[in-house]
Every structure is written in C-alpha cells, then in structure tokens.
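One structure follows; several queries about it will come next.
The values are calculated or read from the model by the stated rules, or taken from the named source; none is laboratory data. A quick note: this is a predicted structure, and the numbers were derived from the prediction, not measured. Cβ: placed from backbone, ideal geometry, glycine included. Neighbour counts: every protein chain shown. Quick note on the areas: whole protein, heavy atoms, side chains included, nothing else; ligands and nucleic acids left out. Shrake-Rupley method; radii C 1.70, N 1.55, O 1.52, S 1.80 Å.
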Amino acid sequence: MRTVGILAEFVTGVFLGELVGALQQAARARGVRLLALRTGDVRSIYDQPLALDCAQGWLVLLDAIDPAMVERIVGRGLPLCALGYQYAHPATGFVRCDNRAGAFEALDALYQAGHREFAFVGHAHEPDVAEREAAMREFLAQRGLDTSPARFQRSSFYSYQGGREGAAQLLSSGVPFTALFAGNDQNALGAMARLAEHGLRVPQDVAVTGFDNSAYARAPANQIASVDQHLAEMAAAALDDVLARMDEPSRPPIRLRYPPTLIPRRSAGMNAMPETEPPEMIRRDVALTSLANSDELNRFHHTGELDSITPLLARMVPRLRFALVAEADEAGDLLVRFAAPAAAEYLLQGRGPIPADRFPPMDLAVGPAAHAGDLIAVIPTDPRGGDRSVIAISAAAENFDAFELALLMHEVEVVAIGIERMSSRQRLERQVDGRTRELREVNEALATALASLQQTQKELFQAEKMAAMGRLVASVAHELNTPLGNCLMSASTIETELANVRTALGSGAIRRSELDHFVESVAEGCSLLGQGLASTTQLLANFRKASSPHASALRLHFDFRQFLRQIQSTLRQRYASLPVEFLLVADEAAPDPLMLNGFPDGLSDLLYELAQNAIEHGLEGRAGHVWFDWRLDGQTLTIRVEDDGCGVPQNELERIFDPFYNTRMGRSLGLGLSAVHNTVGGLLGGKIVAEQRPAGGTVMIIMLPLTAPA
C-alpha cells in the first residue's frame, strides 16, 4: 500500500483542518495512507528530516516548508505538489485557487448590486490574500473607482481578531465605503462584529464578502457570502498528481489554478443559494468525549508535566490505531515515553532509542496498524530542532467522520503546543543554567585577572615612586651641587689661608703682603660662600613654591579681557629686545566684560611662566609668535597658549609637567611647568594639557571654571 506524506504548518484549523480532512477522504477513496508532519509556526526554518523516507510522495499545504526542504525532498527523487502555494522549483507541482478570478466574481456581484465605494481588510502577508488584494486594486482601477491606500487595511493576522483590528483601522481612516471585501472568512466575521459595534448594519449599511467558504461562512448564524475554493476537488487533483508521478516519474508536475465559485449569502445582501452540504451537527458521543478530556488538558496547561498527558492519550486509544509520545535525549535520539499497547509491539522491537533523523521508523508507516485512508500524524512539538518531543497518532479511517477527525486532531494539537511550551521552558532553564555557569567561570577568571592587574599596578606604582624619587634626588643633588660645592671650596680656601696666617704669626715673621693676601682671600671666599648660600636658599624657596604655590593668594573679581590685555602689554615691555610678537585671539561671542571670580595673581604668574617657557625653550632667541587664544564654553574658560617654536617630542609631552623635567640641564631648574600644573589644578581648579602644534611648536591648553574653587 502506498503512503503519501503531508507537510503542514498545523493539521487542524478552519482552513488547514478542512484541507487535511479533504485529503483523507480522497486518500480513502484511492486506497492510500497519509503521513502528516506538522512544521509549526516556524515553517520558514523547518528542516527536520522526520520520516522523509517513509512516504513515496509529498504534499505541502501552503508554504509549510522552505526551499531548502523542497530541494531535499525533490533531491531524493520523490514527487512533491503544493496546495495553495507555488514553489519556484521546476520539479514541484501546485494546485492553487485562482484568487484573481474569485475576487473578480465577488467584487462584480457587489458592483452589479450598485456598490461603488469599496474597502478591503485582510492579512496580505499571506500569498493568497495578497493576490486577492491585488485583484481588487485591478478591479477598481478598471472601473475608475477610488484605489487610495486608506481603502486597503492589512490585518495583523488572518483571524477573527485580525478582522476586527483591520475594520477598526478602516473606520478610523474616515474613508466612506458600502462594500467590504475580506481576505478570508475569519477576517470577514471579525470585521462584521466591529462594524456592528460602530452602529453599522450588515448588509443594509455595508455589504461584506469573505473568501474560502469555511465553516464560519456556512454557519446559519453568520450567513457570510464567500468564495468557495472547492478544497475537495483541489485536494483530489493534488493527490492524483503525486500518485501519477509515483507511477511515472518522468510525468510533468501539475500546474493548476482551480476556478473558485462565489456562494451568495445574506451578509452581501444576496439571495442565498441552496447549500450543497447538510449543516454540520456535533454528535453527542464526540462532544462528551471532548468534555471528558478537558480536565486533563487543563491540568497539563497548569502543571506542564509530561506525565499528565498519559491518561489523555490512554483515553484516546480506543479511537486510534496507535498513539505514542517520544522525547529527544541528550544524544539527540528520540526515546518513546508513551505508546499504546497495539503500537508498542512494532515501534520498539527491542532496538532501543530511535534515531532522530529516522523517526518514525519505516514500521510506523507500513505496520499492521495502518490501513487505506488512515491518517498518520507526526507532530514535532519543537520544529526548531534541538531538544524536542514528538506525538504520533494513527486515526482509523472507518471509525471517523470529518468532524471527529478534526476534533481529535485539535486535541492532539493542544497537547503538542503544551509540550512545546514545556520544552521551551526546560530548554530556557538549561540555557540559563549554562549561561550562569559560564558567567561564574568568566567572573572567576576576571577576578583572578583583576587581582593580578592590581598587584601589577601596585608594583608599577612602587617602581614609579622609586624612579620618581630617584629623579627627584638626582635633580635636587644636581641643582644644589654647584652652590654647595662653591661654598665648600670657599670654606676650604679660607681654612687653608687661616692656617697659613696662624703659622706666620707663630713664627713672628708675617709680612704685610701676606696679611693683605689673607684678607683678600677671606673676603673673596666669604663672598663666594654668601653667593652659594643665597643660591641654595633661593633653590629651596623655589622647591617650596613648586609644591604649594600661592598658599596665601588673594581672591578677586576681575575682567578677563582687560586682564589679558595687561598680560600682553607687560610681556611686550619685558621682551622688547627680542623679535617675539605676542598676539591675542578673543572669543567675540563671549560677554564683555567677562568677569571671573578667582585669583588673578596666580593666573598671571602661570601665563608669564608659559610665555617665558615658550621664548626660552621653544623659540630659543629666534623670531616667532606667542598666541593667547581663548574661548568660553558655558561655565568653562579655555585658554590656548601657543608658540611656533621647535616644539616638544611626542614621547616627552607626558613628562613635561614633572618636577625637574628639563631639556636644558644647568640653565634651568625645570620647576616652572610643574608649578604651573600645580597652580592650575590646585589654586584655579582647572586642568592643563600639552599638545604638539600641527604647524610646529607647542600648545598649552588650560581649562578653567569662571569661579575658582574655595
């Protein structure tokens, strides 16, 4: 007996459920088994190879799989036909509704009834609904009717709620309409409810037409005019195409646009045609069975425990040929958790775990439980792959009518969705545990690295302190060596001359010339000694000034513009003999006067020091310029002191404010910029940085608050 597989997003529902039921009826008439695989709502990435070898041909409902899976099936030499969708692969057939013809028939009936203001509501992200929307635009354009975007409202989904949302958007747009064409019957029903809430009557105020002629449209309480796709005929045509190509592989695939038919009903103000089928009635025994299962379903949804499914499936067994639940283990194999006794005999056969890429095994499709017309449904509850559970059932065709089959499949879908949620939660918990473990390991590694870094910082800081102390001692020793050496030499000379005079006096033979020489030597030595001590005293005063400049500075309010002009005038007088020009570049947008609250003496000292440093170390007696460029940014005053001298190497800029840093050892103490740095950061509460001037020279950038800290 031949087996045909079905790949569907879901195996229940108003449209897909009816299509699966139509396929089952066609399969029963042709003596064929059906094997249905549910791809779930992630159909665009579905790639599980479940049971691909268990069927000799495949039917795809809508766009349940992506092109990669199509290629995989066709690559195995298996015929494939899509129902309600068209894949680009040339080896695939398709049977689709002629959506354009159906839309034109429905719209023309409304047009003939006198309607000229049309509107559309539908989930146009679906290919079929998109074709229906496009057909309506074409229909209206051909007749010169309004096709403005406001007349076409796309719903968020092809459901009742989606129809309500689309109708609400349409009403809020203010566009007038007397006829509403919906993308499907569920959207039509939701739109009708929203229109009624808005005070509009159907069909007196707005005529409504749907599409699909589903159970929603056929229900006597709704009476929705709808376009019938003739699912039974489409299902039979698609199944016949697959069966024919199973027998004759070279046969070209079917490419059929099936013509639909408008079913006029009350919602469009049309006289209803006689129904071609009796109204569906819920059989009492089926309803009681459904109610009996509600407690188990409710308990499962609240507990999420897989074991709670067992009683439910056990009660399903009398209605099934077999039923089972399998879960993936850590190795990726599927372990059977539950199996009806009739199925367990051949499902396991002592082979242990079933490889995930072969589930269900060939026995599942050809075992003694499968008969002509039976629907074997395999529902992976996590189509994304990874950890997953699978439900498989086999419905006995002779024991089920279309309604019983739809109800049974709905129950299995509910269980499958519940398992999917539980699996997702368990997978998330495992991911959280794994991430927590990884974070703990990373934190431990970071803590170790931080401890090592802190220890290295301490060692570097200690080494830097020792190096700084060494530089300080060397600099102090160098600066004090000359004056103290002169003092020592003078004292030694005086001591020698004094010893000579004592000897001469002791012998009583001292001459006047010797006494005069002694007096001159002592006088010269005392002079040198005084100069050396004075130099040492001055050096110590400079050291003290560098460590705590302007300890008793006077705070004043002063105009910075006038202050800077005075600095410029003083520098020009002080260095009048040198070819140096002092220039001011002011911020013309700043207030005039620009009042500062701070210490003008400290600021003037540091500006004089920077100018002197630029002249002596930058220009070195050459002609050049010194700029004082200032800008005001909010409450921050930025002063740039620039020169176009020789500049400072980049690797030396970081040390330029260190005490005793000096590029001209012996001619300067190297304390000027250190004192400037201390004055800016301490007394004036600002910052100073040194940069190379792009055109050559050095830039000292001082950033000060308008009010110096207390």
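Each row is one residue, and each column tells you yes or no for (1) at negative phi; (2) crowded, with 16+ Cβ neighbours inside 10 Å; (3) small (G, A, S).
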| site | (1), (2), (3) |
| --- | --- |
| A82 | yes, yes, yes |
| T92 | yes, yes, no |
| Q112 | yes, no, no |
| D128 | yes, yes, no |
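Let me ask another. What do you reckon, is L59 over 15 Å from A135 (Cβ atoms) and buried (at least 24 other Cβ atoms within 10 Å of the Cβ)?
Details: over 15 Å from A135 (Cβ atoms): yes; buried (at least 24 other Cβ atoms within 10 Å of the Cβ): yes.
It is true that L59 is over 15 Å from A135 (Cβ atoms) and buried (at least 24 other Cβ atoms within 10 Å of the Cβ).
Which numbered condition in (1) farther than 21 Å from P220 by Cβ; (2) in a loop (DSSP other than H, G, I, E, B) is the only one that V202 fails?
(1) is the only condition that V202 fails.
Looking at A36, A82, which is the one that is of a type outside the set (S, T, Y), modelled with pLDDT of 90 or more and touching a strand residue (DSSP E or B) at 6+ places or on another chain (Cβ under 8 Å)?
On the way: A36 fails: modelled with pLDDT of 90 or more.
Exactly one residue qualifies, and that residue is A82.
While we're here: Looking only at residues in region 144-168 that are open to solvent by less than 20 Å² (accessible area, probe 1.4 Å) and over 16 Å from A179 (Cα atoms), which one is modelled with the lowest pLDDT?
From region 144-168, those open to solvent by less than 20 Å² (accessible area, probe 1.4 Å) are 151-152, 155, 162-163, 166-167; that's our starting set.
Filter once more, so that each one left must be over 16 Å from A179 (Cα atoms): 155, 162.
Working: S155: 86, G162: 89.
Among those that are open to solvent by less than 20 Å² (accessible area, probe 1.4 Å) and over 16 Å from A179 (Cα atoms), it is S155.
Could you identify the single residue in V227, V242 that is β-branched (V, I, T), at pLDDT 95 or above and within 30 Å of G190 (Cβ to Cβ)? So that I can check it myself, show each step before the final result.
On the way: V242 fails: within 30 Å of G190 (Cβ to Cβ).
Going through V227, V242 in turn, the sole match is V227.
If you don't mind, there's one more thing I want to ask. Which pairs turn up if I take residues in region 131-143 that are farther than 9 Å from F181 by Cβ and look for partners that are part of a helix (DSSP H, G or I) and polar (S, T, N, Q) with beta carbon separation below 7 Å, at least 6 apart in sequence or on another chain?
As it stands, the answer is E131/N99; A135/N99, since those pairs meet every condition given.
Does A541 satisfy the criteria of being touching a strand residue (DSSP E or B) at 6+ places or on another chain (Cβ under 8 Å), modelled with pLDDT under 90 and part of a helix (DSSP H, G or I)?
no
Pull up region 217-230, narrow it to residues that are of a type outside the set (G, A, S) and surrounded by fewer than 22 Cβ atoms within 10 Å (Cβ to Cβ), then point me to the one that is farthest from A103 (Cα to Cα).
Step one: of region 217-230, the residues of a type outside the set (G, A, S) are 218, 220, 222-224, 227-230.
Those still in the list that are surrounded by fewer than 22 Cβ atoms within 10 Å (Cβ to Cβ) too: 218, 220, 222-223, 228, 230.
Details: R218: 19, P220: 23, N222: 20, Q223: 18, D228: 11, H230: 15 Å.
Here the answer is P220.
Also: Mind listing whichever residues of region 9-24 are modelled with pLDDT of 85 or more and either surrounded by fewer than 23 Cβ atoms within 10 Å (Cβ to Cβ) or small (G, A, S) (or both)?
The answer is A22, and nothing else.
When you go through (1) open to solvent by less than 60 Å² (accessible area, probe 1.4 Å); (2) assigned to a strand (DSSP E or B); (3) farther than 27 Å from P694 by Cα one by one for G602, which number turns out not to apply?
With respect to (1) open to solvent by less than 60 Å² (accessible area, probe 1.4 Å); (2) assigned to a strand (DSSP E or B); (3) farther than 27 Å from P694 by Cα, G602 is out only on (2).
Here is a further query. Determine if region 637-646 includes at least one residue that is of a type in the set (V, I, T), in a helix (DSSP H, G or I), within 26 Å of D587 (Cα to Cα) and modelled with pLDDT of 65 or more.
Going residue by residue through region 637-646, those that are of a type in the set (V, I, T) are 638-639, 641.
Applying the additional criterion that residues be in a helix (DSSP H, G or I) yields none.
No, there is no match, as no residue in region 637-646 is of a type in the set (V, I, T), in a helix (DSSP H, G or I), within 26 Å of D587 (Cα to Cα) and modelled with pLDDT of 65 or more.
Any residue at all in region 88-104 that is closer than 19 Å to F177 by Cβ and polar (S, T, N, Q)? Write out each step before concluding.
Within region 88-104, the subset closer than 19 Å to F177 by Cβ is 103-104.
Pick out the ones that are also polar (S, T, N, Q) and you get none.
No, region 88-104 contains no residue that is closer than 19 Å to F177 by Cβ and polar (S, T, N, Q).
Which of (1) open to solvent by 10 Å² or more (accessible area, probe 1.4 Å); (2) closer than 20 Å to E131 by Cβ is the odd one out, the single condition V74 does not satisfy?
(2)
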